[in-house]
Amino acid sequence: MIVSQIAAMAKNRTIGVDNDLPWHIPEDMKFFRDTTKDRICIYGRKTYESLGYKPFPKRFNIVITRNPDAVPNKEAVTVVTSIEAALEVARSQVAQWGQEVFICGGEEIYKLALPYSDRIYLTEIHKEYPGHAFFPEFDKTIFKEVYRSKRTDPLPFDFVTYEKFSK
Ligand SMILES: NC(=O)c1ccc[n+]([C@@H]2O[C@H](COP(=O)([O-])OP(=O)(O)OC[C@H]3O[C@@H](n4cnc5c(N)ncnc54)[C@H](OP(=O)(O)O)[C@@H]3O)[C@@H](O)[C@H]2O)c1
């Protein structure tokens, strides 16, 4: 099983404001859809809330919460209470849903998942945005850049991939 984080981040590390995305970048949304389609997606309860408590379609959705009974539409997803439990459920599903498992946010879950992550797909937006949620700092001597592709529409951003290398 490969654990991959996938996120879009502003220059000041913002990933979200008022439980929503601060930008609308169609090519990045397409990248997210294409990369995670038919795969396992793990995310936090607040990100689930930001989706209107509707799971990503055509994906195996795992939601992390401290309070499973209070999660709306919990029947539509697999609810767990720790990142370790999320990864255990994911491991039981990889034969059907693929070996690459995606950590889809938000800030709290990216942080929790970082020690378990092998890869980070980061869309780096070259503009600052005010925000309430931020992508965690990560060690670039451990996660090394292996791919970067520049875009300009509708604003300058890069698709970047970091891979974990042991020191
Ligand atoms: N730009 C991007 O790529 C991207 C991607 C995803 C999300 N976002 C944005 O990120 C923001 C949401 O991020 P967030 O950090 O506020 O929320 P989040 O990480 O999506 O979810 C936080 C919730 O996860 C649960 N949780 C956290 N730590 C836990 C632990 N140790 N054990 C069990 N459950 C735990 C708690 O749920 P309970 O409260 O239910 O206990 C907590 O409230 C939104 O603005 C969203 O739009 C951006």
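So is Glu107 under 13 Å from the mean Cα position of the chain (by Cα) and modelled with pLDDT of 95 or more or not? The answer is yes for Glu107.
Taking the stated definitions as given, is Lys46 within 10 Å of the ligand (Cβ to nearest atom) and either within 14 Å of the chain's Cα centre (by Cα) or not in a strand (DSSP E or B) (or both)? In short, yes.
Scanning region 49-73 for residues that are free of Cβ contacts under 8 Å to residues at least 40 places away in the same chain and within 11 Å of the ligand (Cβ to nearest atom) yields Glu49, Leu51, Val63, Thr65, Arg66, Asn67, Pro68, Asp69, Ala70, Val71, Pro72.
Looking across region 87-116, just one residue is at positive phi and either touching a Leu at 6+ places or on another chain (Cβ under 8 Å) or more than 10 Å from the ligand (Cβ to nearest atom) (or both), and that is Gly98.
It is to be established whether one or more residues within region 118-126 are closer than 19 Å to Ile40 by Cβ, out of contact with any helix residue (DSSP H, G or I) (no Cβ under 8 Å at 6 or more places or on another chain) and basic (Lys, Arg). Yes - at least one qualifying residue is present in region 118-126. Selection over region 90-114 of residues that are of a type in the set (Asp, Glu) and more than 26 Å from Asp20 (Cα to Cα) gives a count of 0. Scan region 1-19 for residues that are part of a strand (DSSP E or B) and either farther than 23 Å from Arg39 by Cβ or more than 8 Å from the ligand (Cβ to nearest atom) (or both) and jot them down. Once the filter is applied, which keeps residues that are part of a strand (DSSP E or B) and either farther than 23 Å from Arg39 by Cβ or more than 8 Å from the ligand (Cβ to nearest atom) (or both), region 1-19 yields Ile2, Val3, Ser4, Gln5, Thr14, Val17. If I filter region 145-159 down to residues being touching a residue at least 40 places away in the same chain (Cβ under 8 Å) and within 20 Å of the chain's Cα centre (by Cα), which single residue comes out as surrounded by the fewest Cβ atoms within 10 Å (Cβ to Cβ)? Restricting to residues being touching a residue at least 40 places away in the same chain (Cβ under 8 Å) and within 20 Å of the chain's Cα centre (by Cα), the top hit is Phe159. Pairs are defined by a Cβ separation below 7 Å, a sequence spacing of at least 6 or placement on different chains, a first member in region 19-30 that is more than 21 Å from Glu49 (Cα to Cα), and a second member that is not hydrophobic (A, V, I, L, M, F, W, C); the pairs so defined are Glu27/Arg151; Glu27/Asp153. Scanning region 82-135 for residues that are among the basic types (Lys, Arg) and either buried (at least 17 other Cβ atoms within 10 Å of the Cβ) or without any contact (Cβ under 8 Å) to a residue 60 or more places away in the chain (or both) gives Lys111, Arg119. For region 55-73, the criterion of being in a helix (DSSP H, G or I) and surrounded by 17 or more Cβ atoms within 10 Å (Cβ to Cβ) is met by none of the residues.
The values are calculated or read from the model by the stated rules, or taken from the named source; none is laboratory data. Predicted model, so just to flag it, every value in this text is computed and none were measured. In this analysis, Cβ positions are derived from the backbone assuming ideal geometry, glycine residues included, and neighbour counts consider all displayed protein chains.
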